[in-house]
1. Does Gln282 meet the test of being part of a loop (DSSP other than H, G, I, E, B), within 24 Å of Val334 (Cα to Cα) and either over 60 Å from the mean Cα position of the chain (by Cα) or not basic (Lys, Arg) (or both)?
2. Select, from Gly273, Gly296, Gly300, the only residue that is at positive phi and at pLDDT below 95.
3. In the range 241-276, how many residues are part of a strand (DSSP E or B), exposed (fewer than 14 other Cβ atoms within 10 Å of the Cβ) and touching a residue at least 40 places away in the same chain (Cβ under 8 Å)?
4. Among the residues of the range 157-199, write down those that are under 30 Å from Arg228 (Cβ atoms) and among the polar types (S, T, N, Q).
5. Starting from the range 180-199, take each residue that is exposed (fewer than 10 other Cβ atoms within 10 Å of the Cβ) and list its partners that are of a type in the set (Gly, Ala, Ser) and in a loop (DSSP other than H, G, I, E, B), counting only C-beta distances under 7 angstrom and pairs at least six apart or across chains.
6. Yes or no: Ile173 among the β-branched types (Val, Ile, Thr), assigned to a loop (DSSP other than H, G, I, E, B), free of Cβ contacts under 8 Å to residues at least 12 places away in the same chain and surrounded by 10 or more Cβ atoms within 10 Å (Cβ to Cβ)?
7. Only one residue in Ser297, Ser311 is among the hydroxyl-bearing types (Ser, Thr, Tyr), over 30 Å from Asn209 (Cα atoms), surrounded by fewer than 18 Cβ atoms within 10 Å (Cβ to Cβ) and free of Cβ contacts under 8 Å to residues at least 24 places away in the same chain. Which one?
8. For residues that are touching a Ser or Thr at 6+ places or on another chain (Cβ under 8 Å) and not in a strand (DSSP E or B), scanning just the range 304-332, find the one that is nearest to Ala272 (Cα to Cα).
Amino acid sequence: MAEEEKKPDAATPAAQPASPPPAGGGDDSLDAPVAAGDAPKQAEPTTGEPKQGPADGKGSGIKSTFNIYFIFFIVVVLAAVGAILYAVTSAQKNAKDQTKKAQSLTSQQISQLKGNTTLVGDAKQTLDVQSNAVFEGQVLVRSDLSVAGSLKLGGTLSLSNINVSGTGNFGGITVSGTSTFTGNTAIQGALSVQKGLTVNGGASFANLNVGQLSVTGFQLTGDLSLNRHLITGGGVPSRVAGTALGGGGTVSISGSDTAGTLTINTGNNPPAGLFATISFVQHYSSTPRVIITPVGSAAGAINYYVNRDTSGFSIGTSTPPPAGSSFAFDYFVVN
């Protein structure tokens, strides 16, 4: 009997063709060959997302969050480093500009400046130089020079004309020419004059201390106080002997026009009259006052008198003096 063709059992499911593995991979058991006699496993329906276990999904979320913060941290660090580098570079550039030394002009620049005048701005503008300036050559200021601070000179200052309207403070000043002061001049320290001092007007001194003072005319508006002697000088006046000397009598004089002594030696039979007439070296402008003082008792016993005028004076006696006697008279003349 021919073998009957087996019909599939209704209870046994028919074999399904194997489904291709889902994209992105799936279970490795689907790729294994189907063993004979084993029913093929149906592939589980897929939704397009890879199948993940519970543990795998939690780790991926933490990793994604960590990657975002790490990238943000890197960006912040790079920005900070860039800012620091920019600040350091700017500071180094500024320091280099501030400490930059003056450079010499090139030959081409010097040739361009020869014979030319370089103008900077105009009269309405102000050139403000904040740093120190050194001029190796001459400096010409065509208009006024105003110095707000101190003016210090290491060398010689040569001025054809100096006009100080305010207060001037000079450590030392030497004037080789003529100096004219039209206003008042106050000298706080000592004044040393090596040559002559000529004062055409009045001179006022609160305290004058001189080793030797020689003046042509001297006028005091106050009291004259002398702590030492008053010594007069000048030429010796001339004298002419009078008749009151008697026979063989002599007369001599010592002193000046201001003060002196007249010494008398009488001879034989001296009569009353003049002992001597004295003539001044310099005549007075008006009749002076002549003060006669007898020296010793012999001179005091004589009845003497004085005649005077602008040219001189004379001493006489109203009674005959003693014969063969010597006596003297001091005189002091003031106008």
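The values are calculated or read from the model by the stated rules, or taken from the named source; none is laboratory data. Because the structure is a prediction, the values reported are computed rather than measured. Note that each Cβ is placed from the backbone with ideal geometry, even for glycine, and that neighbours are counted across all protein chains shown.
1. On the way: part of a loop (DSSP other than H, G, I, E, B): yes; within 24 Å of Val334 (Cα to Cα): yes; either over 60 Å from the mean Cα position of the chain (by Cα) or not basic (Lys, Arg) (or both): yes.
Yes; evaluated as a whole, the condition is true for this residue.
2. Working: Gly273 fails: at pLDDT below 95; Gly300 fails: at positive phi.
Testing whether each residue is at positive phi and at pLDDT below 95 leaves just Gly296.
3. 1
4. Within the range 157-199, Gln188, Ser192, Gln194, Thr198 meet the criteria.
5. Qualifying pairs under 7 Å: none.
6. Details: among the β-branched types (Val, Ile, Thr): yes; assigned to a loop (DSSP other than H, G, I, E, B): yes; free of Cβ contacts under 8 Å to residues at least 12 places away in the same chain: yes; surrounded by 10 or more Cβ atoms within 10 Å (Cβ to Cβ): yes.
Against the criterion (among the β-branched types (Val, Ile, Thr), assigned to a loop (DSSP other than H, G, I, E, B), free of Cβ contacts under 8 Å to residues at least 12 places away in the same chain and surrounded by 10 or more Cβ atoms within 10 Å (Cβ to Cβ)), Ile173 qualifies.
7. Values: Ser311 fails: free of Cβ contacts under 8 Å to residues at least 24 places away in the same chain.
That would be Ser297, the only listed residue that is among the hydroxyl-bearing types (Ser, Thr, Tyr), over 30 Å from Asn209 (Cα atoms), surrounded by fewer than 18 Cβ atoms within 10 Å (Cβ to Cβ) and free of Cβ contacts under 8 Å to residues at least 24 places away in the same chain.
8. By that ranking, first place goes to Pro321.
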